[in-house]
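The values are calculated or read from the model by the stated rules, or taken from the named source; none is laboratory data. The structure presented is a predicted model; accordingly, all values stated were derived computationally and were not measured. When we count neighbours, we look across all protein chains shown, and the Cβ atoms used for this are built from the backbone with ideal geometry, even at glycine.
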Amino acid sequence: SAEVRELRRQLGVEATGSGVPKPCVSFAYFGFDDVMMQLIQRQGFAQPTPIQAQAVPTVMSGRDVIGIAETGSGKTAAFVWPMIKHILDQPDLKRGDGPIAVLLAPTRELCMQISQNTRRYAKHYNIRVATVYGGGSRYEQVKTLKDGCEVVVATPGRLIDLIKDKATNLRRVTYLVLDEADRMFDMGFSLQVNSIINHTRPDRQTLLFTATFKKKVEKLARQALRNPVRIVVGTVGK
Ligand code: ADP
Ligand code: MG
């Protein structure tokens, strides 16, 4: 509608795909529970950033999303907030032996940042987060995986190694995030990322976030995402 188009224009957001939900300019419209609302408030966030305004309702509607927005635009929360709800919605939440959500990032530093951000919310819901990356103590990583977790934050190579060692499995993964997808390609993780995708469930929801959109990322998006909504903030990726 004209109203939605005007809203997107004001936010500097472009959304491509069929039946894309209306962006939410206030946290109140996200439909989050009181705990989540308090956690957001406590961080002093006044309103959703443009990528959050369009991506959160789209992800919560169950759609696959390609989110393209510059560094510092709040992409992490755009996939972490809906992830919490996705996990809580699983009927067999505490019964499986592998994670429900996998968040992939190209570097140890990014994994640690995403992990810290995720725990900020997860701990209030008894959602367990395992963080696995190259260079970290493999013994510790195997232990946290085997103790049980609903979320795994990982660099691709280390996660593949741990799957091969049967420290975890991705058979119940229904929420997969490829964060900084452009950098994952630049760093040569394409094959590992593809292999991880093949370990997850075919009926998963897949989200791809990136600061720049390149040919190789486009190719992966076509293979790994189903009827995605493409959200572009500002002038990146155009
Ligand atoms: P990106 O992944 O796009 O580079 P981040 O998710 O790392 O960005 O977020 C960048 C910064 O913005 C973080 O410090 C984060 O806490 C902050 N932030 C996230 N959402 C909001 C918001 N709605 N309002 C204000 N600051 C926010
Ligand atoms: Mg980021």
Can you tell me which residue in segment 110-128 is surrounded by the most Cβ atoms within 10 Å (Cβ to Cβ), limited to those that are among the β-branched types (Val, Ile, Thr) and within 16 Å of ligand 1 (Cβ to nearest atom)?
-> ILE114
Scan segment 23-70 residue by residue and report those that are in contact with a Phe, Trp or Tyr (Cβ under 8 Å, 6 or more places away or on another chain) and of a type in the set (Phe, Trp, Tyr).
-> PHE27, PHE30, PHE32, PHE45
All positions within segment 155-179 that are among the hydroxyl-bearing types (Ser, Thr, Tyr), more than 16 Å from ligand 2 (Cβ to nearest atom) and crowded, with 22+ Cβ neighbours inside 10 Å = THR168, TYR175
Counted residues, segment 38-48 - those being closer than 17 Å to VAL25 by Cα and either outside any loop (DSSP other than H, G, I, E, B) or touching a helix residue (DSSP H, G or I) at 6+ places or on another chain (Cβ under 8 Å) (or both) | 5
Filtering segment 202-221 for residues that are within 17 Å of ALA15 (Cα to Cα) and of a type in the set (D, E, K, R) leaves a count of 1
Hits in segment 66-108 - residues which are without any contact (Cβ under 8 Å) to a residue 60 or more places away in the chain, among the basic types (Lys, Arg) and within 16 Å of ligand 1 (Cβ to nearest atom) = ARG108
Single match in THR131, THR235 (criterion: β-branched (Val, Ile, Thr) and more than 21 Å from ILE114 (Cα to Cα)) = THR235
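Is it the case that segment 37-59 has a residue that's closer than 27 Å to ILE197 by Cβ, within 11 Å of ligand 1 (Cβ to nearest atom) and touching a Cys at 6+ places or on another chain (Cβ under 7 Å)? Lay out the reasoning, then the answer.
Taking segment 37-59 and keeping what is closer than 27 Å to ILE197 by Cβ, we get 51-52, 54-59.
Right, trim to within 11 Å of ligand 1 (Cβ to nearest atom) and you get 51-52, 55-56.
In the following step, the residues that additionally are touching a Cys at 6+ places or on another chain (Cβ under 7 Å) were identified as 56.
Yes.
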What residue, among those in segment 180-238 that are modelled with pLDDT of 95 or more, polar (S, T, N, Q) and not in a helix (DSSP H, G or I), is surrounded by the fewest Cβ atoms within 10 Å (Cβ to Cβ)?
-> ASN227
